[in-house]
Structures are given as C-alpha cells and as structure tokens.
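Structure, as structure tokens:
The values are calculated or read from the model by the stated rules, or taken from the named source; none is laboratory data. For clarity, every value in this text was computed on a predicted model and none was experimentally measured.
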Amino acid sequence: MASLARLQRGFLQKARSIVSNRVRSTVATKCETPVQDLSACKPEKQWISYGFEYESEIGDRLALHCTMFASVTLCLVVGGYVFMYAPDYALRDWAQREAYLEIKRREEANLPLIDKELINPKKIRLPSEEEIGNMEIII
C-alpha cells in the first residue's frame, strides 16, 4: 500500500513539473522602440515546422502544400480515374456480352439454354458394371 502511494506521489510530481515548466516559458516580443505600455508590443508568433524544412517557414509550408496536392489530387483523384476507366484486361465484359448474345440466339431458335448433349455421347467412355464392382457411387 505504501509503495502504491509512493508511485502516485511520484507520478503527480512529474505531472506537476511538466505543467510548471510550461507556465514558466517565455515569449519573445518584437518591439523596435522602447515602449512604456507593453500592450503595444505584440508577441512574435511561434513557428512549428511540418517536418519538411527546418530553416524557412515559407519553404516548409510550400513543401507541405506541394506534397498534399501531389498525394491527394494526383494519386487519389487521377489514380482513381485511371483505375475506373482502364481497359478490361481480364475480358469479363466481353465474356458477359457473348453469353447474352448466345442466350438471345438460342431463345430465337427455340433451343434449350444448355444442351443436354453438349459433349458427344460417343466420345464418353463409361466404366462397365464389373469395373465398378462394390465401389460407392456418390451422385
């Protein structure tokens, strides 16, 4: 129990030190002439880099905007357009069109959609009763 209280105290002290460090931070101001009234001096805006360039704020933002434009517009939009309108290399559309044409042809000729003699029965060799013997036949 005492160790738990010690851990909690240690955690609270660390949390307090983080907060207290933040409170003590200073902000640089840009005033060219000494002024009595401090409200006339505006604090300088702190710049946080996006990670593209660490020296120049303008270069960093330009790199960010160029990267986002390329990734979103070029990759997602143009890539999606190319993917949707690319030719059908697997020929699925062609096969489906041919199937519909064959169904239409068979219906107009009053033929069944699937012929029961699709394969010539003379070419099929079935085993005799003796060859089958006691083998289980699953249909």
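Computed quantities for the displayed model
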read-out: Extreme residue, modelled with the highest pLDDT, among residues of region 50-73 that are within 28 Å of the chain's Cα centre (by Cα) and β-branched (Val, Ile, Thr); value: Thr67
read-out: Matching residues, region 84-123, being at pLDDT 90 or above, over 40 Å from the mean Cα position of the chain (by Cα) and part of a loop (DSSP other than H, G, I, E, B); value: Ala109, Asn110, Leu111, Pro112, Leu113
read-out: Trp47, sole failed condition from (1) at pLDDT 90 or above; (2) in a loop (DSSP other than H, G, I, E, B); value: (1)
read-out: Test result for Pro127, under 29 Å from the mean Cα position of the chain (by Cα) and not in a helix (DSSP H, G or I); value: no
